[in-house]
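Colleague: Take this structure, written in structure tokens, and hold onto it; I'll ask about it next.
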Amino acid sequence: MRYNCSRCIILLGLFIWGAFTVKGNSIHCDRDTTLALALIRENFTPGGDPGSIAGKVAESLVGTPVEDVTMMDSIGSLSIRVDGFDDMTFLNTVAAISRLATSPGHKRINELGAEIENLSYRRGEDHGFPSKMVYFSDWVVDNKSRKNVVELTENYSDNFRTKSLDKVTRQRDKYRALRDSDAYEGQKMVEMGFRTHKVPHLKRETASEKKVLDDMKDGDIVVLLTPDPSTDALEIGFVRKREDGFHFVHPSTETGKVVEEKDILGRYIKRNAKRAYGWRWLRLAK
């Protein structure tokens with residue numbers, strides 16, 4: 001089932017029952033409200049495992065358009081939207097809904113904004129664009145340290161590739177928020193911390209190995225890695241377990257929408273061998 005909402009962007013918003021607000025201003029987006037409520041109600045299992053429902057949540061968003069959400073954000077503030085995704089906003093939205101639906105504290109839907117902020121920003125604190133984690137490696141380092149996710153990559157491989165992550169500032173003209181000089185300088189400082197950063201990876205062929213597939217679970221996070229030395233992630237998504245194996249659900253720039261790939265994971269990664277030198281594997285922490 002596909003849900004969509006035309007151009008609805010909620011900045012620093014609070015999800016509330018039946019409506020959205022942004023610093024006191026009402027935002028009309030009934031379909032977004034319906035989607036959030038439906039996903040949380042369908043998967044509401046207090047004290048459950050967020051990783052176990054992440055694949056289902058991701059599947060519910062198949063068909064949603066791919067948009068340059070982070071690039072087009074002019075101030076770098078928190079966004080809650082389900083009408084369009086890039087890789088990182090898809091990752092954070094699916095993870096946040098999954099965590100909220102399984103929270104042992106019986107959190108209400110109006111805490112979704114806080115949950116997305118927790119996952120999207122360094123140390124879970126929104127201080128504008130430089131605090132937003134736009135590189136997957138940055139996201140992993142921060143969310144692993146706060147026990148929001150666990151990484152499985154290094155359990156099966158000791159391979160890594162050293163990169164200097166600076167593609168965002170290299171492409172300053174593409175990011176509206178970086179028109180602001182302070183934001184640009186702040187992002188440069190962040191990227192200085194990721195010079196010669198070691199990015200662990202699994203070889204492409206391991207996605208078809210029995211020991212890996214036996215340990216993989218529905219809802220795990222899979223990231224294809226680009227050979228571009230200035231950035232890390234090529235594609236970010238979640239796996240869905242089917243009768244024939246695991247299938248990758250992700251925002252596809254090729255099709256312009258969120259898709260579930262027809263090929264099983266190993267075959268899909270092999271098919272993209274020219275674009276991806278390897279992959280990473282993570283899981284939402286319970």
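The values are calculated or read from the model by the stated rules, or taken from the named source; none is laboratory data. Since the model is a prediction, treat every value here as computed from it, not as a measurement. Reconstructed Cβ throughout: ideal geometry from the backbone, glycine too, with neighbour counts over all protein chains shown.
Residue-wise test of (1) touching a strand residue (DSSP E or B) at 6+ places or on another chain (Cβ under 8 Å); (2) surrounded by 24 or more Cβ atoms within 10 Å (Cβ to Cβ).
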| residue | (1), (2) |
| --- | --- |
| P50 | yes, yes |
| G63 | yes, no |
| I75 | yes, no |
| D86 | yes, no |
| F90 | yes, yes |
| I97 | no, yes |
| E111 | yes, no |
| I116 | yes, yes |
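Colleague: Looking at E205, E254, E191, E209, can you tell me which residue is acidic (D, E) and closer than 24 Å to V62 by Cα?
Modeller: After ruling out the rest, the residue left standing is E254.
Colleague: Turning to a different aspect of this structure: Of the residues in the range 30-71, how many are of a type in the set (A, V, I, L, M), assigned to a helix (DSSP H, G or I) and over 23 Å from K147 (Cβ atoms)?
Modeller: Matching residues across the range 30-71 total 7.
Colleague: Between a residue in the range 102-119 that is under 15 Å from P46 (Cβ atoms) and any residue that is modelled with pLDDT of 80 or more and in a helix (DSSP H, G or I), which pairs come within a Cβ distance under 6 Å, given they are 6 or more apart or on different chains?
Modeller: T102/P50; K107/L100; I109/I40; E115/A96; E115/R99; E115/L100
Colleague: Every residue in the range 223-233 that is touching a residue at least 60 places away in the same chain (Cβ under 8 Å) and part of a strand (DSSP E or B), please.
Modeller: Answer for the range 223-233, where residues must be touching a residue at least 60 places away in the same chain (Cβ under 8 Å) and part of a strand (DSSP E or B): V223, L225, A233.
Colleague: Within the bounds of the range 135-148, is there any residue that is in a strand (DSSP E or B) and among the β-branched types (V, I, T)?
Modeller: Checked the range 135-148: no residue is in a strand (DSSP E or B) and among the β-branched types (V, I, T).
Colleague: Just to be sure I understand the filter: pairs with C-beta atoms under 6 Å, separated by 6 or more residues or on different chains, first member in the range 161-178 and in a strand (DSSP E or B), second member surrounded by fewer than 19 Cβ atoms within 10 Å (Cβ to Cβ). Which pairs pass?
Modeller: Final answer for the pair search is T162/T196; T162/K198; K163/H197; K163/P229.
Colleague: Could you go through the range 108-115 and let me know if any residue there is of a type in the set (K, R), modelled with pLDDT under 95 and assigned to a loop (DSSP other than H, G, I, E, B).
Modeller: Checking the range 108-115: at least one residue is of a type in the set (K, R), modelled with pLDDT under 95 and assigned to a loop (DSSP other than H, G, I, E, B).
Colleague: Being among the polar types (S, T, N, Q), within 20 Å of K217 (Cβ to Cβ) and not in a helix (DSSP H, G or I) is true for just one of S103, S74. Which residue is that? Full working, then the answer.
Modeller: On the way: S74 fails: within 20 Å of K217 (Cβ to Cβ).
It is S103.
Colleague: Exactly one condition in (1) at pLDDT 95 or above; (2) out of contact with any strand residue (DSSP E or B) (no Cβ under 8 Å at 6 or more places or on another chain) is false for Y121; which is it?
Modeller: Status for Y121: all satisfied but (2).
Colleague: Filter the range 234-281 for residues that are assigned to a helix (DSSP H, G or I) and within 19 Å of the chain's Cα centre (by Cα); which is surrounded by the fewest Cβ atoms within 10 Å (Cβ to Cβ)?
Modeller: Taking the candidates together, the pick is L265.
Colleague: Further question on the same structure: Would you confirm whether or not the range 206-218 contains a residue that is surrounded by 17 or more Cβ atoms within 10 Å (Cβ to Cβ) and within 24 Å of T64 (Cα to Cα)?
Modeller: Checked against the condition, which is being surrounded by 17 or more Cβ atoms within 10 Å (Cβ to Cβ) and within 24 Å of T64 (Cα to Cα), the range 206-218 yields at least one hit.
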